[in-house]
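To keep things clear, I will list the structure first and then write my remarks on it.
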Amino acid sequence: MRVLFVTSEAYPLVKTGGLGDVAGALPPALAALGDDVRVLLPAYPAVLAGAEDQREIADLGDPFGAGAARLLAARMPGSGQPLLLVDCPALFRRDGGPYLDAQGDDWPDNHLRFGLLCWAGAVLSHRMSPLDWRPDVVHCQDWQAGLVAAYLHDWGQPRPPVVQTIHNIAYQGRFPAGVLPSLRLPWSMYAIDGLEFYGDVSFLKAGIFYADHITTVSPTYAREIQGAPHGAGLEGLLAARAADLVGILNGADYGVWSPEHDPHLAQPYRPGDAAGKAANKRALQADTGLDIAPEAPLLVVVSRLTWHKGMDLVPAVLPAMLEAGAQLAVLGSGETGLEGAFRAAAAADPRQVFVHTGYSEALAHRLQAGGDILLMPSRFEPCGLTQLYAYRYGTVPLVHRTGGLADTVVDTGYDTLAAGTATGFVCERTEAADLQWCVERALALYRRPEQWRRIQAAGAALDFGWPPAAAAYRALFHSLSG
Ligand code: ADP
C-alpha cells in the first residue's frame, strides 16, 4: 500500500509539538508493517539543512502566482524515511517558525503557504502527477493539510481515498473568504456543505467535510469533539460524520524517549532504577539552581504555556506547593502573560522555582528524567504525549480527566493502588482548588516511598509504542482503498 503522508512538521527536522513527534514516528512504523510511505513536507530552511540525499524530481510551477515551486525527494536523518519536499523559496525560506514569524505573529500568507502544500499533495495523488509513484491513500494532518481533500473533490475522479487526522481542533486554519480565488478553488465550494465556516474559509472544515474518513488521536477526544465546547464550532459536522470518525491513540517513540539510551541525560538509567533517576534529579536541581534536595518533590512542566493547557492554574496553586516543600521546574513558551507569571515566580523564589521560556529538546528530556511529577492540567488534550514519555522515566503524571489523558492515566485511589493499576493522579475539574487537592494527594503519596514505587512501576510497565496505532491506521487505509 502506497501512502502519501501530508504534514507541516516532522521530528527531527521541524517540530513545534505533538504533531511533529507523530509525523516523525508514524510513517516509519507504517513502513515497518510493509507500507510504502512518503512524507510530504514544506522545505523550510531547517528541512533543507537537515534532510539527506536531496534531489529535484519535478517542477511544480507557480500555481498561485506566489512563487515558483519544485519538488525534491530526500530522506529523514535517522529513520531514512522517504520525504517529498515542496520547495517554494518565496513562501518557505524565511527565518522564524513554521507558522509564526519571529515576533510570534501568524505569517500573513499562511493560506498560500499551506494551500501550496495541499495543492502539491493533491497533484501527486491525481492523474496529472508528474511522478510515477501514485498513492493508494492520502493521509492529511491537521488544518495545514485540510485542502488536499477539497482539491481532489474539485478535480473529480479518479482519486485515492483521503483520511483527515485532527491532532488539535482548536487550530482550524481560518481565513477571510476573499482568499478563495487565490487558492484556485471555486466559489461553488464556499457553502455550509463545503469549506465555509461562519463567513470565512476553514482549511480544517474542508478536510473534515471532503475527506473519506476522519481520525483523531484518542478515543475520548473523538467523542468529545462531537459536542460543545470541545468541537470548537465543528461539533455538528463531526456528529453528522460520526460513522466515519475514529479515535486512534497516538504512540510514544521509545527510540527517542527511553531513559536507558537518552543522549540528553546526565546519566542514562533503566526504567525502575531509582538510583539512576535520583542522579538525574540531582543533576537537574544543580543545573537549574534549585536547592539540591533529594527528598523535595520536584514537579515539572513541559508544555506550551496556554490557557488550553491549564497553565493559568499552575501559578494559582504554586504557593501551596511551595509551602508543602515542593519544587517546580517549567519548560515552555506561549502566552505572554503566563510566561511572565512563571518568570516572576522563579525570580521570587529561585531555589524552589525554575522556568525556561523557550524551546529546548535537551531540557525536555532532562525534566522528564529528573522530575517526580509531570503536571498536565489541560482543559482539553487530544492525546498528549508527554504523559506517555513520563511513564518510561519514572515520572508520575498529574492530569485533568480529558481527551487522551482520560484514556492513558489511571487515578490513584485505594482500589487502584491495591490492584497495582494506579499510574498517576487525575483531577476532575479544571479549577485551582481541584488541582491543589490533586497535588496534595500526590505529595502525600510521594512521602510513602513504597506506594510511590508501585505507581511508578505500573506506569513504566505500560507499552504505548507505535505498532498498535500503526496497525490500526493500516487497517483503516486497507478498508478504504478496497
Ligand atoms: P501539543 O502537541 O499540544 O503541544 P503534546 O503533549 O502532544 O502537546 O506534545 C508535546 C511535544 O512537544 C512533546 O514532545 C514535548 O516534549 C514537546 N515540547 C513542548 N514544549 C516544549 C518546549 N518548550 N521545548 C521542547 N519541547 C517541548
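Residue by residue through the stretch 45-61, which ³J(HN,Hα) values in whole Hz follow from phi under the Karplus form 6.51 cos²θ - 1.76 cosθ + 1.60 (θ = phi - 60°), with glycine and proline marked x?
My calculation for the stretch 45-61 gives x, 5, 6, 5, 6, x, 5, 9, 6, 6, 8, 6, 10, 7, 9, 9, x Hz in order.
Could you work out how far the C-alpha centroid of the stretch 23-71 sits from that of the stretch 364-424, in angstrom?
Using only Cα atoms to place each centre, the spacing works out to 34 Å.
Would you mind checking which residues have amide H under 5 Å from Q81's amide H? H placed 1.01 Å from N; only 5 or more apart, or other chain.
When sequence neighbours closer than 5 places are left aside, the close amide H contacts are M76.
Can you list the HN-Hα couplings for the stretch 179-191, worked out from phi with the Karplus curve (6.51, -1.76, 1.60; θ = phi - 60°), rounded to whole Hz and with x for Gly and Pro?
Coupling constants for the stretch 179-191: 6, 4, x, 5, 8, 6, 10, x, 4, 4, 8, 8, 7 Hz.
Amide H to amide H, which residues 5 or more places from T216 or on other chains are under 5 Å from it, using H placed in the peptide plane?
I166, V246, G247, I248
Please compute one quarter of the surface area of the Cα convex hull for the stretch 1-150 and express it in square nanometres.
8.2 nm²
Would you compute the Debye intensity of the stretch 1-52 from its alpha-carbon atoms alone, equal scatterers and no solvent, and pass along log10 I(q)/I(0) at q = 0.31 Å⁻¹ to two decimals?
Values, matching the q order: -1.20.
When DSSP assigns beta bridges and you keep just the ones with both residues in the stretch 151-231, what percent turn out antiparallel, to the nearest 5?
Of all bridge pairs located within the stretch 151-231, approximately 55 percent are antiparallel.
If each DSSP helix of 4+ residues adds -39,500 (n - 2.57) and the sum is divided by the residues in the chain, what number results at 222 nm, nearest 500 deg cm²/dmol?
Theoretical 222 nm ellipticity from helices: -11000 deg cm²/dmol.
Give the calculated FRET efficiency between R55 and H264 to the nearest 0.05, with a Förster radius of 41 Å applied to their Cβ-Cβ distance.
0.80
How would you rank H261, H365, H126, going from fewest to most other Cβ atoms within 10 Å of each one's own Cβ?
In increasing order of surrounding Cβ atoms, one gets H261, H126, H365.
Sort D59, D407 so that the residue with the fewest other Cβ atoms within 10 Å of its own Cβ comes first and the one with the most comes last.
So the ranking, lowest neighbour count to highest, is D59, D407.
Hey, if you put +1 on the Cβ of every Lys and Arg and -1 on every Asp and Glu Cβ in the stretch 355-438, which of S360, I373, L385 ends up farthest toward the positive end of that dipole?
The Cα lying farthest towards the positive end belongs to S360.
Any idea how far the Cα center of the stretch 441-476 sits from the one of the stretch 124-164, in Å?
Taking the Cα centre of each part, the stretch 441-476 and the stretch 124-164 sit 37 Å apart.
Whole-Hz ³J(HN,Hα) for each residue in the stretch 94-108, computed from phi via Karplus 6.51 cos²θ - 1.76 cosθ + 1.60 with θ = phi - 60°, x for glycine and proline: what do you get?
After applying 6.51 cos²θ - 1.76 cosθ + 1.60, I find 8, 6, x, x, x, 10, 10, 7, 5, 7, x, 9, 4, 4, x Hz.
Show the residues, 5+ positions off or on another chain, whose built amide H is closer than 5 Å to the amide H of F354.
Result for F354 returns L328, A329, V330.
Rounded to the nearest 5, what is the percent of antiparallel bridges among the DSSP beta bridges in the chain?
Around 30 percent of the beta bridges assigned by DSSP in the chain are antiparallel ones.
Is the shape of the stretch 245-329 rounded, prolate or oblate, going by the alpha carbon gyration tensor and its root eigenvalues a ≥ b ≥ c, with a/c under 1.5 for rounded and a/b larger than b/c for prolate?
oblate
In whole Å, how far is the Cα centre of the stretch 315-344 from that of the stretch 187-222?
If we compute the Cα centre of each part, the gap is 37 Å.
Treat every Asp and Glu Cβ in the chain as -1 and every Lys and Arg Cβ as +1, leave all other atoms uncharged, and give the resulting dipole magnitude about the Cα centre to the nearest 20 debye.
I would put it at about 480 debye.
I'd like the projected area of the stretch 349-438, averaged over all directions, using the convex hull of its alpha carbons. Report it in nm² with one decimal.
The orientation-averaged projected area of the Cα hull of the stretch 349-438 comes to 6.8 nm².
Which GluC sites (Glu not before Pro) in the stretch 284-372 sit in a loop by DSSP (not H, G, I, E or B) and have at most 13 other Cβ atoms within 10 Å of their own Cβ?
Those satisfying the criteria are E295.
Semi-axes of the equivalent ellipsoid of the stretch 91-141: what are they in whole Å, largest first, if each equals the square root of 5 times a C-alpha gyration tensor eigenvalue?
Equivalent ellipsoid semi-axes, largest first: 28, 10, 9 Å.
Given a Förster distance of 45 angstrom, what is the FRET efficiency for A177 paired with L322, based on the Cβ-Cβ distance and rounded to 0.05?
Here the calculated transfer efficiency is 0.35.
Mind giving me the FRET efficiency for T16 and R282? R0 is 30 Å, r the Cβ-Cβ distance, nearest 0.05 is fine.
Plugging the Cβ-Cβ distance into 1/(1 + (r/R0)^6) gives 0.45.
Of A222, S479, P45, which is farthest towards the positive pole of the chain's charge dipole, taken about the Cα centre with +1 and -1 on the beta-carbons of Lys, Arg and Asp, Glu respectively?
S479
Can you list the cysteines of the chain that have no other Cys Cβ under 4.7 Å away?
Isolated Cys, the chain: C88, C118, C140, C383.
Taking a temperature of 25 °C and a viscosity of 0.890 mPa s, what whole-number D in µm²/s does Stokes-Einstein yield for the stretch 223-375 with Rh from Kirkwood over alpha carbon pairs?
The Stokes-Einstein estimate is 142 µm²/s.
Can you give the Rg to Rh ratio of the stretch 374-482, both from alpha-carbon atoms, with Rh computed by the Kirkwood formula?
Reported Rg/Rh (Cα atoms, Kirkwood Rh): 1.06.
With N residues in the chain, what two-decimal value do you get for its Cα radius of gyration over 2.2 N^0.38 Å?
0.99
Considering Cα pairs under 8 angstrom that are at least six residues apart, work out the relative contact order of the chain and quote it in whole percent.
Answer for the chain is 12 percent.
Of all beta bridges DSSP finds with both residues in the stretch 1-104, what is the antiparallel percent, to the nearest 5?
60 percent
Each value in this text was obtained by applying a stated rule to the coordinates, not by laboratory testing. Computed from a prediction, not measured in an experiment: that's the story for all the values here. As a convention, Cβ positions derive from the backbone with ideal geometry for all residues, glycine included, and neighbour counts pool all protein chains shown.
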